[in-house]
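Structure, as structure tokens:
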Amino acid sequence: MRIYIGNSPMKIPMCPPPPVYRNEQWIPLTSLEDMQETDYDVLIVGSGAGGGAVLWRLMNQIGGSGKRIGIVERGGLLLPTHAQNIATMNGERFDKYFSSAAAIPPRYPSPQIYALGGRTLFWATVSPRMHAADLASWPVPLKEMDIYYGIAEKVMSVTQNFTKRASLTQILLNRLQKDGFPDATDEPLAINLESINQYGVVNSNPYFSSLVFFAQALNSPFDLAVNARAVEVLTEKDRVVGVKVMSPEKKSYFLKAKKVVLSASTFGTTQILLNSGLRNSAIGHYMTIHSRVFGKGIANRNEFPEALGPLHILIPGTEDRSYQIQIWGPGAYPTVQYQVEPLKREWEISFYASGRVESRFGNQVTLHPFKRDEYGVPEIQIDFSFNEQDEAVIRQMGEGVKRAAKAMGTPLVSKDGQPPICLWRPGMELHEMGTCRMGEDPSDSSTDRYGQVYGVQGLYVADNSVIPTSGTANPTLTTVALAIRTADHIIRQLK
Ligand SMILES: Cc1cc2nc3c(=O)[nH]c(=O)nc-3n(C[C@H](O)[C@H](O)[C@H](O)COP(=O)(O)OP(=O)(O)OC[C@H]3O[C@@H](n4cnc5c(N)ncnc54)[C@H](O)[C@@H]3O)c2cc1C
């Protein structure tokens, strides 16, 4: 082959060679040095469900308007998509990968993910709304919750169609509806079932993560720094002025901002607020979770058509039913892509029941009086226990799981030393909420109805910690709905 230097003999000029880049990432990053030089209109801390939703809404509504938006994330670039979208994943590998990527708070078994995307890189995408009876005591009118739930469901591609053609789900759903659970339904999941999106582009992200928020936000410029841990909120005369951020080398940066949104998760946000000396009467208190009763059932293969399909059923919580039940299976089926499963006579079915837990002042996150982490930030201490009312709900849940298994004809069984029904330790359900809860009364709430921290102008919280009461529904859809609403409020303030 001849290589032509200069013009080709065909008298057509040679095309320039492609540019060569080094150290580029799959998402544009900004250094903390550069961020320190900018006066941000809004600075977001944390890139999971809440932080991603705020960023998306801001960029979607005021991107390109000249407002300067920045976001800092404590972790690095662990994954460029939800872990389920990775071709080599199966159920077992997923669990192991999640476990090895997670950080566990002292003496509380609730794994946290410090990485761009936060826990949404691994979440199970179950996205029910809170029941109206639970929302009734919240400071946000039901009509508004309805609107923001609608926006959240749309952007997260929440659907009940995932199991519409799955015979196992439909047959078991039918049995439940006939026998005591008329409101049992296909589970709402944040999984985008369109293989080609509205732009004619192949969708490589069926399982939703907050990285989808980032992808859409990238239509306008914003600054993102990873490996950037916020340690303190900076205030002047009861007004936020910025955030102190540290790099893994323990270098400090002072980022200036008119509005700061803390979306560092229930524990992360509380730790930052307390470490900043910002203590109103509720910050850190009223922590709530869902109690979780787990049951294992068995489905007899012979009772179903050849192709079982995935099983995802939700028995929702109601005013009278203080728990919801998620029913999954068969085996690890919903979480495999290419794995060939052997023929089996019996398949395992999992029941995950989530119970309402009372919000109590004494269930709390505080700072350890002397233990500090490698950044010099006091470690958090988590004090949580169930009360009698919670225990009554746990007993009802146990009965509910038994009734559901009976109605489905899938008897509960003991396996590998695990009883047919057991109670998970608090934390294992991964649903901590409430430590910065929103409410009308500053004496028992940390933020107002828009997530603005009482006593500090311009400081907002948008993550699971603002959820006022546990309800029974998985929290993330609600967090995203509230975060979008907070972003809308901030946009109005910026105008
Ligand atoms: C395996 C698994 C399955 C789940 N399944 C479901 C489900 O099916 N349905 C559901 O509703 N929920 C589910 N969840 C819970 C769900 O992931 C959380 O409700 C949701 O991600 C919480 O959003 P968040 O914004 O509060 O926190 P996160 O999404 O965890 O985001 C917090 C972010 O803040 C960052 N951060 C923390 N501290 C700092 C700091 N100091 N400075 C800068 N950044 C910081 C973190 O690194 C992280 O990126 C599941 C979670 C897991 C792990």
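The values are calculated or read from the model by the stated rules, or taken from the named source; none is laboratory data. Since the model is a prediction, treat every value here as computed from it, not as a measurement. Here the Cβ positions follow ideal geometry from the backbone for every residue, glycine too, while neighbour counts run over all protein chains shown. Surface areas here come from the heavy atoms of the whole protein model, side chains and all, with no ligands, DNA or RNA. Shrake-Rupley method; radii C 1.70, N 1.55, O 1.52, S 1.80 Å.
Hey, can you tell me all the residues within the stretch 401-447 that are more than 16 Å from the ligand (Cβ to nearest atom) and touching a Phe, Trp or Tyr at 6+ places or on another chain (Cβ under 6 Å)?
Within the stretch 401-447, 401, 422, 442 qualify.
Can you tell me which of 107, 119, 93 is open to solvent by 20 Å² or more (accessible area, probe 1.4 Å), within 8 Å of the ligand (Cβ to nearest atom) and either under 28 Å from residue 449 (Cβ atoms) or of a type in the set (D, E, K, R) (or both)?
Going through 107, 119, 93 in turn, the sole match is 119.
Take the residues in the stretch 448-466 that are of a type in the set (Ser, Thr, Tyr) and either farther than 16 Å from residue 491 by Cα or not in a loop (DSSP other than H, G, I, E, B) (or both), then tell me which one is nearest to the ligand (Cβ to nearest atom).
465
Pick from 164, 154, 143: which is outside any helix (DSSP H, G or I) and open to solvent by 50 Å² or more (accessible area, probe 1.4 Å)?
Answer to the check: 164.
Looking at the structure I just gave you, is residue 371 at pLDDT 95 or above, in a helix (DSSP H, G or I) and not polar (S, T, N, Q)?
Against the criterion (at pLDDT 95 or above, in a helix (DSSP H, G or I) and not polar (S, T, N, Q)), residue 371 does not qualify.
Which of the residues that make up the stretch 16-65 are assigned to a strand (DSSP E or B) and within 14 Å of the ligand (Cβ to nearest atom)?
Answer for the stretch 16-65, where residues must be assigned to a strand (DSSP E or B) and within 14 Å of the ligand (Cβ to nearest atom): 43, 44, 45.
Can you confirm whether the stretch 485-493 contains a residue that is out of contact with any helix residue (DSSP H, G or I) (no Cβ under 9 Å at 6 or more places or on another chain) and within 12 Å of the ligand (Cβ to nearest atom)?
Checked the stretch 485-493: no residue is out of contact with any helix residue (DSSP H, G or I) (no Cβ under 9 Å at 6 or more places or on another chain) and within 12 Å of the ligand (Cβ to nearest atom).
Being under 24 Å from residue 274 (Cα atoms) and among the hydrophobic types (A, V, I, L, M, F, W, C) is the requirement here; does residue 430 meet it?
Against the criterion (under 24 Å from residue 274 (Cα atoms) and among the hydrophobic types (A, V, I, L, M, F, W, C)), residue 430 qualifies.
Just the residues that are in contact (Cβ under 8 Å) with a residue 40 or more places away in the chain and part of a loop (DSSP other than H, G, I, E, B), please, taken from the stretch 125-140.
Matches in the stretch 125-140: 125, 127, 128, 129, 130, 131, 137, 138, 139, 140.
Is there any pair linking a residue in the stretch 146-159 that is touching a residue at least 40 places away in the same chain (Cβ under 8 Å) to one that is open to solvent by 50 Å² or more (accessible area, probe 1.4 Å), with Cβ under 7 Å and at least six apart or on different chains, and which?
These pairs meet every condition: 149/129.
Write out, first by first residue and then by second, each pair whose Cβ atoms fall under 7 Å of each other, whose residues are 6+ apart or on separate chains, and whose first residue, in the stretch 32-43, is over 21 Å from residue 491 (Cβ atoms) while the second is open to solvent by 30 Å² or more (accessible area, probe 1.4 Å).
Going by the 7 Å Cβ cut-off, the qualifying pairs are 35/223; 36/254.
For residue 304, work out the one condition from (1) crowded, with 18+ Cβ neighbours inside 10 Å; (2) more than 14 Å from the ligand (Cβ to nearest atom); (3) among the hydrophobic types (A, V, I, L, M, F, W, C) it doesn't fulfil.
Every listed condition holds for residue 304 apart from (1).
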